[in-house]
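This report concerns only the one structure given below.
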Amino acid sequence: MRTLATIFRWLCRLLLWLVILATAALVGLAFWYQLPLPETAKKIAIGVWAVFALAILFLDISRRSWIARGAYLLALVAVGVWWASIKPSFDHQWAPDVEHIVTGTRDGDIVTLENVRDFHWVTETEFTPRWETRTYDLSKVESVDLFLSYWSGPAIAHTLVSFGFEGGDHVVFSAEIRKEKGESFSSIGGFFKEFDLALIAADERDIIRLRTNIRGEDVYRYRIDMPKAGMQELFWSYVETGNHLAKVPTFYNTVTTNCTTVVFRLLRALDPALPFDYRILLSGYLPGYIYQNQGFKTGLSEADFRRRAAISALGIAAGDSPDFSAAIRVNDPPSR
């Protein structure tokens, strides 16, 4: 029994040392991304913190010092207070493509959206900006498509939701990081309050073509089967989300508040029974989730289901055609 108790005590101490190392690393990253200091000063601050954390660890390993543990805990509390004081803000110079967040008003079935993006992209840095006011009749909504755009391996994809209306009109909603001018995306920075969250509404010839033709990403389109009332509710949920984000600045988070989790929360509001799944976080694997819940009804194998969803080649062939949305849907099965 004494041997077991000794082993247990050592395991507890080992766990404590691992916690010290892990929290020290997290604080170092927080300093790097959020201390309002020049780069050299940040490195000095991180170095001082690292020396402090290693000294605490050494003291605990050598003599099990409760004073050292208490000092480290107080330091973590101080860091926590500082971290909580960091709030999102609209007081930034935003990158042109996320300069505006979509907002909207509703009069019966008629929804008017402000700041619908319709950029003409030549390259990622060369474009003609256009922000428009557009009107949509929810009584004429007839489709919902989920686009997955792969840019960083098979596990991660950006998710976009497109609503189709009678007559061939489409509008896409996309939850994105709201970059400042000169910033670029960092998945690690996304854990440390580096970016705000923006909801963009855009024309497919802008936001999908940007990914297929300009960035060269692998893009897939999956039709989501839902009743018309659900489509209408989901559309308005997006508008309400945009209205909220335009008034209340919100931090983006790589795991908890990103493009996929925003989609899932909106769908969950329509159907609370919708099961959570690890593929909600690892968005690149969403096709399997879609196939498991809906895609199997097509009668296709999962591999064929995914293959038919690929639209990058179709987008490239369509180029800047006004019929871009129709061109990326030529492989749709005929309507019954």
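The values are calculated or read from the model by the stated rules, or taken from the named source; none is laboratory data. Everything numeric in this text was worked out from a predicted model, so none of it was measured. Note that we place each Cβ from the backbone using ideal geometry, even for glycine, and neighbour counts take in every protein chain shown. For the accessible areas, the whole protein counts, side chains as well, though only heavy atoms, and no ligand, DNA or RNA atoms are used. Shrake-Rupley method; radii C 1.70, N 1.55, O 1.52, S 1.80 Å.
Details
- Verdict on residue 246 being small (Gly, Ala, Ser), within 20 Å of residue 101 (Cβ to Cβ), modelled with pLDDT under 90 and part of a helix (DSSP H, G or I): no
Residues are listed down the side, and each one gets a yes or a no for (1) touching a residue at least 60 places away in the same chain (Cβ under 8 Å); (2) surrounded by fewer than 19 Cβ atoms within 10 Å (Cβ to Cβ):
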{"position": "152", "(1), (2)": "no, yes"}
{"position": "157", "(1), (2)": "yes, no"}
{"position": "180", "(1), (2)": "yes, yes"}
{"position": "200", "(1), (2)": "yes, no"}
{"position": "206", "(1), (2)": "yes, no"}
{"position": "222", "(1), (2)": "yes, no"}
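- Criterion (of a type in the set (A, V, I, L, M), without any contact (Cβ under 8 Å) to a residue 12 or more places away in the chain and more than 30 Å from residue 165 (Cβ to Cβ)) met by exactly one of 84, 75, 68: 84
- When residue 226 is tested against (1) aliphatic (A, V, I, L, M); (2) under 21 Å from residue 145 (Cα atoms); (3) out of contact with any strand residue (DSSP E or B) (no Cβ under 9 Å at 6 or more places or on another chain); (4) in a loop (DSSP other than H, G, I, E, B), just one condition goes unmet, and that condition is (3).
- Residue match in segment 153-173 (condition: of a type in the set (Gly, Ala, Ser), touching a strand residue (DSSP E or B) at 6+ places or on another chain (Cβ under 9 Å) and modelled with pLDDT under 90): yes
- Tally, over segment 34-46, of residues that are assigned to a helix (DSSP H, G or I) and open to solvent by 50 Å² or more (accessible area, probe 1.4 Å): 4
- On inspection, residue 174 qualifies as among the hydroxyl-bearing types (Ser, Thr, Tyr), under 16 Å from the mean Cα position of the chain (by Cα) and closer than 22 Å to residue 118 by Cβ.
- Identity of the residue in segment 278-309, buried (at least 18 other Cβ atoms within 10 Å of the Cβ) and in contact with a strand residue (DSSP E or B) (Cβ under 8 Å, 6 or more places away or on another chain), that ends up farthest from residue 153 (Cα to Cα): 295
- From the list 200, 207, the lone residue that is in a helix (DSSP H, G or I), in contact with a Ser or Thr (Cβ under 8 Å, 6 or more places away or on another chain) and hydrophobic (A, V, I, L, M, F, W, C) is 207.
- Which numbered condition residue 147 fails, given (1) within 14 Å of the chain's Cα centre (by Cα); (2) open to solvent by 40 Å² or more (accessible area, probe 1.4 Å): (2)
- Residue list for segment 100-130, restricted to those being closer than 26 Å to residue 251 by Cβ and crowded, with 16+ Cβ neighbours inside 10 Å: 100, 101, 102, 103, 104, 113, 114, 115, 116, 117, 119
- Qualifying residue in segment 81-89 (condition: open to solvent by 70 Å² or more (accessible area, probe 1.4 Å) and closer than 29 Å to residue 13 by Cα): yes
- For segment 224-239, residues that are hydroxyl-bearing (Ser, Thr, Tyr) and either out of contact with any helix residue (DSSP H, G or I) (no Cβ under 9 Å at 6 or more places or on another chain) or without any contact (Cβ under 8 Å) to a residue 12 or more places away in the chain (or both) total 0.
- For residue 212: the one exception among (1) in contact with a Gly (Cβ under 9 Å, 6 or more places away or on another chain); (2) open to solvent by 60 Å² or more (accessible area, probe 1.4 Å): (2)
- Test set (1) open to solvent by less than 100 Å² (accessible area, probe 1.4 Å); (2) in a loop (DSSP other than H, G, I, E, B) - residue 21 fails condition number: (2)
- Restricting segment 310-333 to residues that are open to solvent by 70 Å² or more (accessible area, probe 1.4 Å) and in a helix (DSSP H, G or I), the residue that is nearest to residue 218 (Cα to Cα): 313
- Taken together, the criteria place residue 59 among residues that are open to solvent by 50 Å² or more (accessible area, probe 1.4 Å) and touching a helix residue (DSSP H, G or I) at 6+ places or on another chain (Cβ under 6 Å).
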